[in-house]
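Remarks on the structure that follows.
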Amino acid sequence: MNSNEAFGAGKGLRTTVRAPFPWYHERMNYTLMHKRLPVLELEIDEETSAVMGIGEVLRPERVPVGIETVGGRPVRSALNAWWMGRAIPASRSGLRDALQLMNVSSTGLLLLKCLGLSLSDQYWVNSHDKPLAWDDVNFFDNGFSEDVGNALFGRAASSGGELNLVSPDNTSDGWLKKKWVVDGGRRLLVKGGSSPAHQEPLNEVLASSILGRLGVPHARYELAWDGDRPLSVCEDFVDTSTELVSAWHVYRTKKKPTNHSSYQHYLSCCERLGIPGVQEGLDHMLALDYLVVNSDRHFNNFGAVRDAESLDWLGPAPVFDSGTSMWHSSVAHRINPNGDAPSKPFNTKHSAQVRHISSFDWLDFSALRGIEEEYAALLDQSDFIDDARRDVLCAALVRRVEMLEAIAARRR
């Protein structure tokens, strides 16, 4: 046993919260792990993958962020919601066909197939019957099959044999088709677009370029192709020593006062946890979302990164997942850059949400000159974007830059 196992990775002596009844522990069939450290004992129904009971709490400080507790014990329904929330969402495009290809009845069963292992954090469940070692199973250091990812893209296994369902794709979020691949040791997320324009991958690359020009920390997206369909590709921004905690779980670390806005509450939760640089990070994200008219910046596609060993907060996550923008699902004649576009997560309209930006001093608008030409070159690569749509989108992007620059001038 190393010092981390004995002393909880620098967080003090191992602490336990006992189960309420002595027989309860006997029902437990899994241990929730954080890397190599056991966190708590739990019972999982192997027919549904639902958490049925919680036993001994071994390391309360490593219980996942944002889970409600009573008397130091996680509430079962809250832990179950967190656990099942790791599964592929039911809204995923093409999911029903993918499940049929894999001969699996639910995404919850896929979740248990991979022991809940993810490429976003270090949590997993270890079976009492067949215990495994983190170093042998985690997806950061070990290879994995692409069978699940290929099924999610509508393809059967190339071998035609039995599928290998142990994959980080079982714990990927979002509604667009996506899959993880390994390329030269890098973990890359490949994501598709939606009909009719398949524009989301192009928008990811645009957002990446805008953020790069402005010197904002971000996930870098590149363009790839599946036949004539564009795909976005980005490298995982966490590794075996760091993890992403979604804004949703940060938001749930305390009850929101009725007189606080959701923006104020999120800042308050971050301050309480000690996450540095949050307001500046939100300024960057909200400015980008205004520029590209992001319609789906929900609480699960931004957040914070922490050290998985020490549990120290490192800061906001780099900006990622900005594809649902630039009127991606609208026909060309409905694209209106001057309109009050819908937004998330703090306000329903961008005109209101942009007011949360605390400072524009960091934003050099001259760095964005000519961005529309770069976007036009991107759009020209896709067979799904005609010249008329390209021209409307590029003109709209120029107008959004002008509008944000005018807002910034009034605020300075």
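Just to be sure before I move on: is V166 within 26 Å of E43 (Cα to Cα), part of a loop (DSSP other than H, G, I, E, B) and either in contact with a Phe, Trp or Tyr (Cβ under 8 Å, 6 or more places away or on another chain) or assigned by TED's automatic domain parsing to the domain that holds V39 (or both) in the structure I sent? Reasoning before the result, please.
Details: within 26 Å of E43 (Cα to Cα): yes; part of a loop (DSSP other than H, G, I, E, B): yes; either in contact with a Phe, Trp or Tyr (Cβ under 8 Å, 6 or more places away or on another chain) or assigned by TED's automatic domain parsing to the domain that holds V39 (or both): yes.
Answer is yes for this residue.
Can you tell me which residues in region 189-224 are over 19 Å from the mean Cα position of the chain (by Cα) and closer than 25 Å to S118 by Cα?
Selection gives L223, A224.
For region 72-87, does any single residue satisfy the condition of being within 28 Å of L273 (Cα to Cα), out of contact with any Ser or Thr (no Cβ under 8 Å at 6 or more places or on another chain), assigned to a loop (DSSP other than H, G, I, E, B) and touching a residue at least 12 places away in the same chain (Cβ under 8 Å)?
yes
When you check L101 against the structure, is it at pLDDT below 95, under 19 Å from L40 (Cα atoms) and not in a loop (DSSP other than H, G, I, E, B), yes or no?
On the way: at pLDDT below 95: yes; under 19 Å from L40 (Cα atoms): no; not in a loop (DSSP other than H, G, I, E, B): yes.
So L101 fails the test.
Which pairs turn up if I take residues in region 318-346 that are in contact (Cβ under 8 Å) with a residue 40 or more places away in the chain and look for partners that are hydroxyl-bearing (S, T, Y) with beta carbon separation below 6 Å, at least 6 apart in sequence or on another chain?
Listed by first residue and then by second, the contacts come to T324/S295; P342/S295; F346/S262; F346/Y263.
Which one is surrounded by the most Cβ atoms within 10 Å (Cβ to Cβ) among residues in region 317-363 that are closer than 18 Å to L397 by Cα and of a type in the set (A, V, I, L, M)?
So the first thing to find is which residues in region 317-363 are closer than 18 Å to L397 by Cα, and the list is 322-343, 349-351, 354, 363.
Next, from what is left, pick out any that are of a type in the set (A, V, I, L, M): 326, 331-332, 335, 341, 354, 363.
On the way: M326: 28, V331: 11, A332: 16, I335: 16, A341: 19, V354: 20, L363: 19.
Restricting to residues being closer than 18 Å to L397 by Cα and of a type in the set (A, V, I, L, M), the top hit is M326.
Specify which of the listed residues (S106, S127, S120) is among the polar types (S, T, N, Q) and closer than 16 Å to Y30 by Cβ.
Matching residue, one of S106, S127, S120: S127.
Any idea how many residues of region 190-229 are out of contact with any Asp or Glu (no Cβ under 8 Å at 6 or more places or on another chain), closer than 20 Å to K177 by Cβ and aliphatic (A, V, I, L, M)?
The number of residues fulfilling the criteria is 6.
Here is a check on your reading of the model: is V63 surrounded by fewer than 18 Cβ atoms within 10 Å (Cβ to Cβ), among the hydrophobic types (A, V, I, L, M, F, W, C) and at pLDDT 90 or above? Before you say what the answer is, go through the steps one by one.
Numbers: surrounded by fewer than 18 Cβ atoms within 10 Å (Cβ to Cβ): no; among the hydrophobic types (A, V, I, L, M, F, W, C): yes; at pLDDT 90 or above: yes.
No.
Only residues that are over 18 Å from S310 (Cα atoms) and either in contact with a His (Cβ under 7 Å, 6 or more places away or on another chain) or in contact (Cβ under 8 Å) with a residue 24 or more places away in the chain (or both): list them for region 33-48, please.
So in region 33-48, the residues over 18 Å from S310 (Cα atoms) come out as 40-48.
Residues satisfying the conditions are L40, E41, L42, I44, E46, T48.
Would you say L291 is surrounded by fewer than 22 Cβ atoms within 10 Å (Cβ to Cβ) and either in contact (Cβ under 8 Å) with a residue 40 or more places away in the chain or within 28 Å of L368 (Cβ to Cβ) (or both)? Outline the logic, then answer.
Details: surrounded by fewer than 22 Cβ atoms within 10 Å (Cβ to Cβ): no; either in contact (Cβ under 8 Å) with a residue 40 or more places away in the chain or within 28 Å of L368 (Cβ to Cβ) (or both): yes.
Criteria not met by L291.
Suppose we keep only residues that are among the aromatic types (F, W, Y) and in a strand (DSSP E or B) within region 220-261. Which one would you say is nearest to Y123 (Cα to Cα)?
The initial filter retains those residues of region 220-261 that are among the aromatic types (F, W, Y), namely 221, 225, 237, 248, 251.
From what is left, the residues that are in a strand (DSSP E or B) are 221, 225.
Values: Y221: 26, W225: 32 Å.
For region 220-261, the residue satisfying everything is Y221.
Looking only at residues that are in a loop (DSSP other than H, G, I, E, B) and not hydrophobic (A, V, I, L, M, F, W, C) in region 136-152, which one is nearest to the chain's Cα centre (by Cα)? Even if it seems obvious, please write down each step before you answer.
Just the residues of region 136-152 that are in a loop (DSSP other than H, G, I, E, B), to begin with: 138-146.
Now restrict to residues that are not hydrophobic (A, V, I, L, M, F, W, C): 138, 141-143, 145-146.
Values: N138: 18, D141: 20, N142: 21, G143: 21, S145: 21, E146: 20 Å.
Residue satisfying both the conditions and the ranking: N138.
Tell me which residues, restricted to region 323-358, are assigned to a loop (DSSP other than H, G, I, E, B), under 18 Å from M403 (Cβ atoms) and in contact with a helix residue (DSSP H, G or I) (Cβ under 9 Å, 6 or more places away or on another chain).
Result: S325, M326, W327, I335, N336, P337, N338, D340, A341, S343, N347, I357.
Any residue in region 216-230 that is closer than 11 Å to L202 by Cβ sitting within a Cβ distance under 7 Å of a residue that is surrounded by 14 or more Cβ atoms within 10 Å (Cβ to Cβ) and acidic (D, E)? List the pairs, counting only those 6 or more apart or interchain.
Every condition considered, the pairs that remain are Y221/E204.
Could you list, in sequence order, the residues of region 301-317 that are part of a strand (DSSP E or B) and among the aromatic types (F, W, Y)? Steps first, please.
Just the residues of region 301-317 that are part of a strand (DSSP E or B), to begin with: 303-307, 313-316.
W313 - this is the single residue of region 301-317 that is part of a strand (DSSP E or B) and among the aromatic types (F, W, Y).
Could you tell me whether L99 is under 22 Å from L189 (Cβ atoms) and either in contact (Cβ under 8 Å) with a residue 24 or more places away in the chain or more than 21 Å from the chain's Cα centre (by Cα) (or both)?
Working: under 22 Å from L189 (Cβ atoms): yes; either in contact (Cβ under 8 Å) with a residue 24 or more places away in the chain or more than 21 Å from the chain's Cα centre (by Cα) (or both): yes.
Answer is yes for this residue.
Do you know which residues across region 230-261 are over 30 Å from V182 (Cα atoms), surrounded by 15 or more Cβ atoms within 10 Å (Cβ to Cβ) and of a type outside the set (V, I, T)?
Passing the criteria: Y251, R252, K256.
Does S268 fit the bill of being buried (at least 20 other Cβ atoms within 10 Å of the Cβ), hydroxyl-bearing (S, T, Y) and either part of a helix (DSSP H, G or I) or in contact with a helix residue (DSSP H, G or I) (Cβ under 6 Å, 6 or more places away or on another chain) (or both)? Can you show your working first?
Values: buried (at least 20 other Cβ atoms within 10 Å of the Cβ): no; hydroxyl-bearing (S, T, Y): yes; either part of a helix (DSSP H, G or I) or in contact with a helix residue (DSSP H, G or I) (Cβ under 6 Å, 6 or more places away or on another chain) (or both): yes.
No, not satisfied.
For the subset of region 363-390 comprising residues that are part of a helix (DSSP H, G or I) and among the charged types (D, E, K, R), which member is nearest to L291 (Cα to Cα)?
At the first step, the residues of region 363-390 found to be part of a helix (DSSP H, G or I) are 365-368, 371-380, 387-390.
From what is left, the residues that are among the charged types (D, E, K, R) are 372-374, 380, 387, 389-390.
Working: E372: 12, E373: 15, E374: 15, D380: 21, D387: 22, R389: 18, R390: 17 Å.
The extreme case among them is E372.
The values are calculated or read from the model by the stated rules, or taken from the named source; none is laboratory data. Treat the numbers as computed from the prediction; the structure is a model and nothing was measured. Note: ideal-geometry Cβ built from the backbone for every residue, glycine included; neighbour counts use all protein chains shown.
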